[in-house]
C-alpha cells in the first residue's frame, strides 16, 4: 500500500492540495455494497465511493481533511480484466476518480459539460502518474 500512498500524494499535489489529508480504504464488494446501501441508498457494489469532509454544515472545521475514498478491489479487478489493463492501473484510476470527487469534480449531478471537464482532468492527471512511473 506504500505505492498507493505515493500515488495519492502525487494526485493531491497535482490538484493543488499538497498538504491535505484523506483516508483511503480498499475493501471487497461486500464492504462497499454495505457502504453504498447504508449511506447512498443503493444496495449493490460499485467501484469507488467518496465522501467529502469539506461539505455540509461542519465542512470548514478542518479544511485540510478532504474526505474518504473507498475502493472495491473486487470490482476493480473485474474492470481491469474486462478492460485488458492491469489491476494496479485500474486501482490508481479509481483512486484518482474518488479524489476528484472530493475536490469538487462531479460527473453525475452537474451535467454533461462538468462530466467532460472531469474526464479531461482524469486524463491529464493520469498521464502525469504514468510519466512518474506510479501507474
Relative contact order for region 2-131: what is it in percent, counting Cα pairs under 8 Å that are at least 6 residues apart?
24
Please work out the Kirkwood hydrodynamic radius for region 57-135, using every pair of different C-alpha atoms, and report it in angstroms with one decimal place.
13.9
GNM result for the chain, Cα springs below 10 Å: residue of 43, 106, 74 fluctuating most strongly:
43
Place a point 7 Å from the Cα of residue 64 in the direction of its beta carbon; the residues of region 3-42 whose amide N falls under 13 Å from it are 18-22
Expected 222 nm ellipticity per residue - DSSP helices of 4 or more, -39500 (n - 2.57), all of the chain, to 500:
-17500 deg cm²/dmol
Can you compute the FRET efficiency between residue 43 and residue 112 using 1/(1 + (r/R0)^6), with r the Cβ-Cβ distance and R0 = 25 Å? Round to the nearest 0.05.
0.35
For the chain, give the share of DSSP beta bridges that are antiparallel, in percent and rounded to the nearest 5; count only bridges with both residues there.
40
Once fully extended, how much extra length lies between residue 121 and residue 57, figured as 0.36 nm per residue of separation less the alpha-carbon to alpha-carbon distance?
20.2 nm
What are the principal axis extents of the Cα atoms in region 1-99, in Å, biggest first?
40, 31, 18
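Any read-out appearing in this document is the output of simple, stated calculations on the displayed coordinates, not a laboratory observation. Everything numeric in this text was worked out from a predicted model, so none of it was measured. Virtual Cβ from ideal backbone geometry, glycine too; neighbours counted across all protein chains shown.
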